[in-house]
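S.K.: Please find one structure pasted underneath; my questions will follow.
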Amino acid sequence: MSENTKISIDNMNLHYGSFHALKGINMEIPEKEITAFIGPSGCGKTSLLKLIAGFHVADEGEILIGGKNVNNVPPEKRNTAMCFQSYALFPHLNVSHNICYGLKQRKIDIEEQKQRLNLALKQMDLEFHKLKLPNELSGGQQQRVALARAMVTRPDVILFDEPLSNLDAKLRESVRFEIKQLSKQYNLTSIYVTHDQAEALTMSDKIIVLNKGAIEQIGSPQDIYHHPKNRFVADFIGIANITEANVKNIGDNLYAVSSIFGDFTVFSEK
């Protein structure tokens, strides 16, 4: 695994025909941390994820992984792994062979393959299903196979596109814990796309809020939740009481606020 897996994106723009999908994206994704992309449907989360993976080519800008420009590096050469929302399992391979596919491609020692496979089967509760074909599995089981296949290779960067969307609530919580634990255990740089605000807040070290192809705010879960940059972030990130108010500065970082909730004085750090 590379020592430096920080991801830097500079002035990234992407069009689908006349549609401007990503607009001047600038960000840094810390190495060995979990970064969540959140935002409403169509905001550009998955497009940005596929750019990092190498499945899309940007119209403008550059992507650096570990300080190296990867704009022209094909997906299979980036040492990234992607867990697709649509599973993308090989229909002719059983569960074990699907999970081990990436390990064989990387020519991992056969004994190491067995150890990683057995661990992945146990972690994802798939031991009973290891010889089944994908069409013999439920949607949730297929989702877990896709997760195991991505995690088992322990790449420099792992990309999750709504990986828990087809799991029931109890299993979702369990697998969420496994993803976080494995990411930390193997020092993976992880990017996690989700519609679930609570999932982003509990899973990630850093959150990037996207809207209409642009970044609204970047910060820790605590910053995003307690100090939203604007009304959109405050409204999107969770349950919030938002109302109009008259605000008047009355001293150093002190403000008089008049609203339907009454009149009061507040202190602001900024």
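S.K.: Restricting to region 246-265, and then to whatever is part of a loop (DSSP other than H, G, I, E, B) and of a type outside the set (S, T, N, Q), can you tell me which residue is farthest from residue 199 (Cα to Cα)?
M.R.: Applying the filter and picking the extreme gives 252.
S.K.: Count, please, the residues in region 219-266 that happen to be open to solvent by 70 Å² or more (accessible area, probe 1.4 Å), aromatic (Phe, Trp, Tyr) and modelled with pLDDT of 90 or more.
M.R.: Total meeting the criteria: 1.
S.K.: For region 139-160, which positions are over 14 Å from residue 189 (Cα atoms) and assigned to a loop (DSSP other than H, G, I, E, B)?
M.R.: Of everything in region 139-160, nothing turns out to be over 14 Å from residue 189 (Cα atoms) and assigned to a loop (DSSP other than H, G, I, E, B).
S.K.: Among 220, 204, 268, which is the only one that is more than 22 Å from residue 48 (Cβ to Cβ) and in contact with a strand residue (DSSP E or B) (Cβ under 9 Å, 6 or more places away or on another chain)?
M.R.: 268
S.K.: Of the residues that sit in region 148-181 and are aliphatic (A, V, I, L, M) and in contact with a Phe, Trp or Tyr (Cβ under 8 Å, 6 or more places away or on another chain), which one is modelled with the highest pLDDT?
M.R.: My answer is 150.
S.K.: It is to be established whether one or more residues within region 224-243 are under 30 Å from residue 6 (Cβ atoms), among the charged types (D, E, K, R) and touching a helix residue (DSSP H, G or I) at 6+ places or on another chain (Cβ under 6 Å).
M.R.: Scanning region 224-243 turns up no residue that is under 30 Å from residue 6 (Cβ atoms), among the charged types (D, E, K, R) and touching a helix residue (DSSP H, G or I) at 6+ places or on another chain (Cβ under 6 Å).
S.K.: Out of 174, 165, I need the residue that is over 18 Å from residue 35 (Cβ atoms) and not in a helix (DSSP H, G or I). Which one?
M.R.: So the residue among 174, 165 that is over 18 Å from residue 35 (Cβ atoms) and not in a helix (DSSP H, G or I) is 165.
S.K.: Could you say which residue among 202, 189 is surrounded by 17 or more Cβ atoms within 10 Å (Cβ to Cβ), polar (S, T, N, Q) and within 26 Å of residue 124 (Cα to Cα)?
M.R.: Result of the check over 202, 189: 189.
S.K.: Between 111, 127, 136, which is free of Cβ contacts under 8 Å to residues at least 12 places away in the same chain, out of contact with any Pro (no Cβ under 9 Å at 6 or more places or on another chain) and within 25 Å of residue 180 (Cβ to Cβ)?
M.R.: 127
S.K.: Considering only region 22-134, give the helices (runs of 4 or more DSSP H) lying wholly within it that have at least 2 residues that are open to solvent by less than 10 Å² (accessible area, probe 1.4 Å) and either in contact with a Phe, Trp or Tyr (Cβ under 6 Å, 6 or more places away or on another chain) or farther than 19 Å from residue 153 by Cα (or both).
M.R.: Correct list: 45-53.
To keep it simple, each residue is scored yes or no on (1) under 18 Å from residue 86 (Cα atoms); (2) of a type in the set (A, V, I, L, M); (3) open to solvent by 40 Å² or more (accessible area, probe 1.4 Å).
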position: 158; (1), (2), (3): yes, yes, no
position: 161; (1), (2), (3): yes, no, no
position: 174; (1), (2), (3): no, no, yes
position: 185; (1), (2), (3): no, no, yes
position: 197; (1), (2), (3): no, no, yes
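The values are calculated or read from the model by the stated rules, or taken from the named source; none is laboratory data. Remember, predicted model here, so these are calculated numbers, not experimental data. When we count neighbours, we look across all protein chains shown, and the Cβ atoms used for this are built from the backbone with ideal geometry, even at glycine. Protein only, heavy atoms only, side chains kept; ligands, DNA and RNA dropped before computing areas. Shrake-Rupley method; radii C 1.70, N 1.55, O 1.52, S 1.80 Å.
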